[in-house]
1. Which whole number gives the average, over all residues in B:137-146, of C-beta atoms from other chains lying within 10 Å of the residue C-beta?
2. Need one value for A:22-30: mean number of C-beta atoms belonging to other chains within 10 Å of its residues' C-beta atoms.
3. Taking chain A as a Gaussian network, where each spring joins two C-alpha atoms under 10 Å apart, which residue of A:102, A:41, A:127 fluctuates the most?
4. Can you give me the angle between helix B:345-360 and the longest principal axis of chain B, using Cα atoms only, in degrees from 0 to 90, rounded to the nearest 10?
5. Can you grab the distance from the C-alpha centre of segment A:1-53 to the C-alpha centre of segment B:234-307, Å, no decimals?
6. Among bridges DSSP assigns within chain B, what percent are antiparallel (round to 5)?
7. Rounded to the nearest 5, what % of DSSP beta bridges with both residues in segment A:54-94 are antiparallel?
8. Take every residue in peptide B:298-307, count the Cβ atoms of other chains within 10 Å of its Cβ, and give the average of those counts.
């Protein structure tokens, strides 16, 4: 069983016997210490997609999935091809299948991802908890702050924007935490 | 079309849950001719809002609403056309089974908390599918398009205007509470949770150049108030004076009288959800003590509302208003921010009425729920 709070992209839940892939999950605090999870689900049998809200403590039946290590091989339009690192099998996914991690997918990335299979079909991928990406553009340090507490916007090579410490410069490599939708962790030593 | 409604209310704390559901139930009956059963798990919280009610009765009719004790041991009943759980209270398992077995499906609605945050319109009206096939719809009150609106009776603003235009009605109402304000006094109501900032606010009002008459309905703020007054008790009706400030405690009043109190005052400090909404319909400057949440989540909600509310104020007035709300909710010193707010009093007063009118243009919550049901069938 999974609770509404535990849903995340890549989770598959069973609703009325059909498997539904969580493509996106947004956690929000509601009132009086309750919370809700807004999800985007795809029916893995029919392809039908829908948006659904769960209370954080709703109980849901999850489906046990196969997981394998895979790396991004190449991107062609909206198709992302991943390669099984053990037997080199190629698998394709559409952009919308990996919507939640898409901001941190880019050509040339070497992260070993977790490929998620439902009945031998690749349905999603999960990135490692920490990934390293290069800053493509950011303004110069405004205040000369070195504490890491003052933040400023920055852009990655694939156009993704996020907040980084004020001292980060163009070309720097940074660590990103993928668990919370992608937040800056610190400057990486590369 | 007359539909049957089961509204479930679990009283968690204070009067918010029962306040909202009782108001909604009455409105569904009076304005939309719906048949409503209100299930309440703690009727003792209901009696202060409806003094005619009997806290021990398993079933009673009050103002057209069938009010029922929500029993610990659930007894089988027919499922209504619309099942509304307030604030995600858990429905009895047996009732859920009866919903599953119902030939014609019931519309199951979870009425959520009020928030001005952006995400609300993206979640309002979305379903929640359960593994057993039951579907629950999430219904969010709110301040703008794409939300379920706010609770407001159809004639509320007309009643308020009539009250405002009848000085005798105001005088009679206040006299009924043994309140006799000086004509030059600023009348302020105070309904709040415990607040460390209260003493500094009272100090500021006591030192003010304009006399203030502070009316305090019984509630959780009383302890802080008694400490500041250095008295052991303040019986309803009794007045204590400190400098320019008169402090008077009031009995807990029914919802209709609380509206009259808000309409009688020049400034209203409110708390939680129900009184917060009513203070907006009063069209007076207000101060909201928001329900404190874990991880300071309430600050996000407070600021989301403030962003919306002060948008059309001048920058200095917006800053003064926001500063007062921040100080109050942080329990910090209120003196400076209160005095700053007074400098922008005319602008903020005019804005309060504008905000009220602007909000009244959207469908009210009861109307939106009835429409939601009609569209659903």
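1. 1
2. 4
3. Checking each option, the largest mean-square fluctuation is seen for A:102.
4. 10
5. 38
6. Numbers: 11 of 51 bridges.
Antiparallel: roughly 20 percent of the beta bridges in chain B.
7. Here the antiparallel bridges make up roughly 100 percent for segment A:54-94.
8. 1
Here, each number is a calculation from the coordinates, and none is a lab measurement. Everything numeric in this text was worked out from a predicted model, so none of it was measured. Positions of Cβ are backbone-derived with ideal geometry, glycine not excepted, and every protein chain shown enters the neighbour counts.
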